[in-house]
Structures are given as structure tokens and as C-alpha cells.
């Protein structure tokens with residue numbers, strides 16, 4: 001299987017149109033630092049209508065592209081969470097020594113899409129049965145994780161995980177833990193697929209994933225409308241994509 005390392009970025013280009021129809025340089029770059037739970041709550045209160053969800057399902061380039069296509073999602077920020085080092089950089093996280101996962105923080109309108117509905121997409125968008133791995137991307141930074149912002153989100157996450165377990169042929173290894181701090185990733189990681197649709201990893205991994213995901217979601221919507229059980233997920237299909245270079249990949 002050909003590995004696709006993350007190296008030199010191509011010039012920005014137009015985003016792939018119609019990838020989802022649900023609604024849809026290095027560490028020297030300045031970052032805004034941690035967003036604590038209290039500051040997140042204050043921001044949500046000021047906005048008046050939005051909430052946040054923090055999810056990790058492998059490469060944040062991939063999962064960011066998935067959630068940006070959902071109706072009701074206001075913004076998606078790629079970043080790092082769940083580790084022990086304050087304000088980590090990309091190379092530190094890639095070493096696997098800081099304990100952080102690559103995650104996205106989703107700001108969403110709960111009147112348009114619920115936290116539970118976001119989790120339904122989350123289960124479909126990655127393979128939650130492989131510990132510290134998504135496809136050829138290997139390491140603790142690629143683990144499956146839900147970092148909850150409230151007790152209500154914790155209960156919803158645990159219930160959603162139990163419900164989703166029957167759709168997979170292996171036990172789910174997704175970690176459910178409280179969010180302590182979220183660190184936005186470097187600027188060049190943000191809106192990566194939209195800005196670099198012709199980059200090799202985007203063409204080889206993200207674009208096919210978006211197309212397959214939309215087909216699976218359409219299937220599940222059709223089955224649900226008919227009153228039947230959810231379509232079983234093809235875990236081999238989810239695991240089969242080439243990675244950004246795996247545990248030993250080259251980095252920027």
C-alpha cells in the first residue's frame with residue numbers, strides 16, 4: 001500500500017464541490033493557545049445559540065472535511081487535545097510523546113443539528129475499532145476519542161457508543177473523556193481540504209472518503225425512512241485507505 005506523507009503543500013485551490021450533501025510554516029505559525037471549558041462556555045453564551053463538540057477520528061484533515069459539509073455546523077477548527085503538554089506543536093504531537101490526539105472542535109447550532117446527530121456522522125466517518133490507528137496512520141494521536149463539554153454530552157456519547165457498537169464487527173475502542181483544554185493547530189492545517197484539494201493526500205484519501213461516506217449516509221437515511229435497522233458498516237473499507245505516512249512518516 002502506497003503511503004502518502006504530509007510534506008510540501010500545494011498552492012491553495014477550490015474545494016471539491018458536492019463532496020457531501022448533508023447540508024454540503026510549521027510550528028512557527030502563531031496559534032491562539034488553549035480554549036478551556038470555561039472560555040468555551042462563555043463564547044457559547046455570547047453566541048446565544050451554538051454549542052461545541054470535540055471529536056478525534058484519525059487525521060484531522062479528513063474529519064474536518066467531513067464535518068464542514070454538515071448543515072447546522074457553523075465552524076470546524078482542527079487542533080490537539082487530551083494530552084499533558086501545554087500549547088503543543090504539530091511535530092511534538094506527531095512524536096506520540098505528548099498524549100494529544102488530533103481532533104476537531106465543531107461549533108454547531110443545536111436547533112439545526114443535535115450532538116447525537118453529529119455522533120452518528122462521527123461513527124460513520126472513521127473506524128472506531130482500531131486502537132491508535134486509522135488506515136495507515138498509526139500512533140496515539142490518531143486514536144478515536146470523544147471529549148465531552150458537559151455531563152449531558154457525556155451521557156449522550158456513552159449512549160451513542162452503545163447503540164453504534166452493534167453496527168461493527170469488532171469492539172469499539174473510542175475513548176470518552178472530559179475536555180480539559182483544546183489547542184488550535186497551526187494555521188496551515190485549518191481548512192486543509194478546501195485549500196488544497198489537489199494535494200496528494202487529499203486526492204488519494206480525503207476525496208474518496210467523502211464520496212464513500214455520503215453513499216453510506218444516504219443508505220442509512222433510506223433504511224431509517226423504511227423503518228429498518230441501520231446498515232452495517234464495512235470496517236475493512238474504513239481501514240483500507242493509505243495514510244499520511246504512518247508512524248514513521250515524514251513531516252513538515
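The values are calculated or read from the model by the stated rules, or taken from the named source; none is laboratory data. Model, not experiment: these values are computed from the prediction. Every residue, glycine as well, gets a Cβ built from its backbone with ideal geometry; the counts of neighbours run over all protein chains shown.
Residues are listed down the side, and each one gets a yes or a no for (1) surrounded by 23 or more Cβ atoms within 10 Å (Cβ to Cβ); (2) at pLDDT 95 or above; (3) in contact with a strand residue (DSSP E or B) (Cβ under 6 Å, 6 or more places away or on another chain):
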site: 41; (1), (2), (3): no, no, no
site: 45; (1), (2), (3): no, no, no
site: 60; (1), (2), (3): yes, yes, yes
site: 64; (1), (2), (3): yes, yes, yes
site: 67; (1), (2), (3): yes, yes, yes
site: 91; (1), (2), (3): no, yes, no
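State whether the residues of region 230-250 include one that is assigned to a loop (DSSP other than H, G, I, E, B) and either at positive phi or at pLDDT 95 or above (or both). Yes, because at least one residue in region 230-250 is assigned to a loop (DSSP other than H, G, I, E, B) and either at positive phi or at pLDDT 95 or above (or both).
Checked against the criterion of being more than 22 Å from residue 172 (Cα to Cα) and assigned to a loop (DSSP other than H, G, I, E, B), the candidates 128, 110 yield just one match: 110.
Can you find a residue that is surrounded by 22 or more Cβ atoms within 10 Å (Cβ to Cβ), at positive phi and in contact with a helix residue (DSSP H, G or I) (Cβ under 8 Å, 6 or more places away or on another chain) anywhere in region 154-174? Within region 154-174, not a single residue is surrounded by 22 or more Cβ atoms within 10 Å (Cβ to Cβ), at positive phi and in contact with a helix residue (DSSP H, G or I) (Cβ under 8 Å, 6 or more places away or on another chain). In this structure, is residue 155 more than 17 Å from the chain's Cα centre (by Cα) and closer than 23 Å to residue 209 by Cβ? For residue 155, the condition - more than 17 Å from the chain's Cα centre (by Cα) and closer than 23 Å to residue 209 by Cβ - is not met. Checking 221, 216 one by one, the residue that is in contact with a helix residue (DSSP H, G or I) (Cβ under 6 Å, 6 or more places away or on another chain), part of a helix (DSSP H, G or I), over 17 Å from residue 136 (Cα atoms) and at pLDDT below 95 is 216 and no other. Within region 122-141, can one find any residue that is closer than 27 Å to residue 218 by Cα, surrounded by fewer than 22 Cβ atoms within 10 Å (Cβ to Cβ) and out of contact with any helix residue (DSSP H, G or I) (no Cβ under 7 Å at 6 or more places or on another chain)? Checked against the condition, which is being closer than 27 Å to residue 218 by Cα, surrounded by fewer than 22 Cβ atoms within 10 Å (Cβ to Cβ) and out of contact with any helix residue (DSSP H, G or I) (no Cβ under 7 Å at 6 or more places or on another chain), region 122-141 yields no hits at all.
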